[in-house]
Amino acid sequence: MIKINRLGPQIGAEILGVDVKSLDEETFTAIYQTWLECNVIAIRDQTLEIEDFLAYSRRFGRLHEHPSKSTRHADYPQLTLLGVNKFDEDGNLIEAVYRRGAHDWHTDGAYDEDPFKATQLYALAIPSIGGDTLFASMYAAYEALPTPLKQKLDGRLGAFKYGGRTNANSLLDPEDRDKAPALHPIIRVHPETSRKGLYFDPGKILRIEGLDAAESDDVIDELTERMIQPNAEYRHQWRVGDIVIWDNRCSYHRAAGDYPPEQDRIHWRVSIKG
Ligand SMILES: O=C(O)CCC(=O)C(=O)O
Ligand SMILES: [Fe+2]
């Protein structure tokens, strides 16, 4: 029997008692609705092969090959490997792999015209300490903005690029680094829930269109301060066999990036489009 536990005050739920390899439509609908309501859900205790993980992920949408080709699985380009090949041939830790997703709070795929609907991870190896993933609600971020700032942002577009203003793009192949930025409304209406959220990503945004450079930078700084509302966070402590899926249209996330690097922390990851 499926069991659903809410985990955080506004986001986060845990689902027990299911096997995603054999879900009927009704149970999947319950999972999908919980996901829309809670933004991020963890399904515990799964035993999956790659094909199982991909097939289950396709129930949420179309799988998209991540632009970081160097971290794709050789035989399954839709599968990204997290935490694999952390050390170079001299035994030095590769920060971009070890700290992937840990630098800033972010939403995945904002650099694409059609940003990722969802990201889904499956945990294969988890360190004995650290290595959590943190989540926060974009709805709560929007709701907490002061009215004048909401008004200033209403109808404005942000320009987003992989690597953003610091060009942190070492996981991309050189020929993939110069894509034109993508434009998205900063106040974005979720296509399925119709709720407004603050669609923002400090590590990918270049500027807010229509503001002069200094004002755009000031607003970016202010939004960076305001995007995380502590009463709307959920922190996931991983167990091997967890599947976690988050909604990039209404949540931010960040890897804690704090585990002992000599230990394994390995996930399969897919990017899902609408
Ligand atoms: O490894 C994690 O906890 C999350 C990394 C991340 O940001 C991602 O997979 O999009
Ligand atoms: Fe991410």
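The values are calculated or read from the model by the stated rules, or taken from the named source; none is laboratory data. Note that the structure is a prediction, hence the values are computed from the model and not measured. Ideal geometry is used to build each Cβ from the backbone, glycine not excepted, and the neighbour counts take in all protein chains shown. The accessibility values were calculated without ligands, DNA or RNA, using every heavy atom of the protein model including side chains. Shrake-Rupley method; radii C 1.70, N 1.55, O 1.52, S 1.80 Å.
Assorted remarks:
- Within a Gaussian network of the chain (alpha carbon springs, distance under 10 Å), most fluctuating of 259, 199, 234: 259
- Using the Cβ-Cβ distance between residue 156 and residue 93 with R0 set to 41 Å, the FRET efficiency from 1/(1 + (r/R0)^6) comes to roughly 0.55.
- Ellipsoid equivalent to region 99-172 - semi-axes via the Cα gyration tensor, in Å: 28, 18, 12
- Histogram of C-alpha separations across region 1-99, 5 Å bin width, %: 2, 11, 17, 17, 16, 15, 11, 6, 3, 1, 0
- Accessible area (Å², 1.4 Å probe, nearest 10) - residue 170: 80
- Here the relative contact order of the chain, from alpha carbon pairs under 8 Å that lie six or more residues apart, stands at 35 percent.
- For region 73-87, 3J(HN,Hα) per residue [Karplus equation, 6.51 cos²θ - 1.76 cosθ + 1.60, θ = phi - 60°, Hz, x = Gly/Pro]: 5, 4, 9, 10, x, 6, 9, 9, 9, 9, x, 9, 6, 6, 10
- Coupling constants for region 102-108 follow from the phi torsions by the Karplus curve (6.51 cos²θ - 1.76 cosθ + 1.60, θ = phi - 60°), and in residue order they are 9, 6, 9, 4, 7, 10, 7 Hz; glycine and proline get x.
- Heavy-atom accessible area, probed at 1.4 angstrom with all protein chains present, ranks 29, 80 as 29, 80, highest first.
- Calculated over region 41-88: convex hull of Cα atoms, volume per residue (Å³): 115
- Evaluated over region 128-274, the Cα radius of gyration and Dmax, each in Å: 16.7, 48
- Partners of residue 204 within straight-line reach, counting aspartates and glutamates whose Cα lies under 16 Å from its Cα and excluding those fewer than 8 residues away in the same chain: 104, 108, 112, 113, 114, 176, 178, 217, 218, 221, 222, 225.
- Calculated from the alpha-carbon coordinates, the chain shows an Rg and a Dmax of 18.3, 56 Å respectively.
- Per residue, region 127-274 exposes an accessible area of 43 Å² to a 1.4 Å probe, with every protein chain left in place.
- Note on residue 34: accessible area approximately 20 square angstrom, rounded to 10, probe 1.4 Å, nucleic acids and ligands left out.
- Karplus (6.51, -1.76, 1.60) ³J(HN,Hα), θ = phi - 60°, over region 20-31, in Hz, Gly and Pro reported as x: 5, 6, 9, 9, 7, 4, 5, 5, 4, 4, 4, 5
- Excluding same-chain neighbours fewer than eight residues apart, the lysines reachable from residue 3 by a Cα-Cα span under 22 Å are 21.
- Comparing 233, 89, 262 in a Gaussian network model of the chain, where Cα atoms under 10 Å apart are tied by springs, the biggest mean-square fluctuation is seen for 89.
- Of the residues 85, 169, 248, the one that moves most in a GNM of the chain with alpha-carbon contacts below 10 Å is 85.
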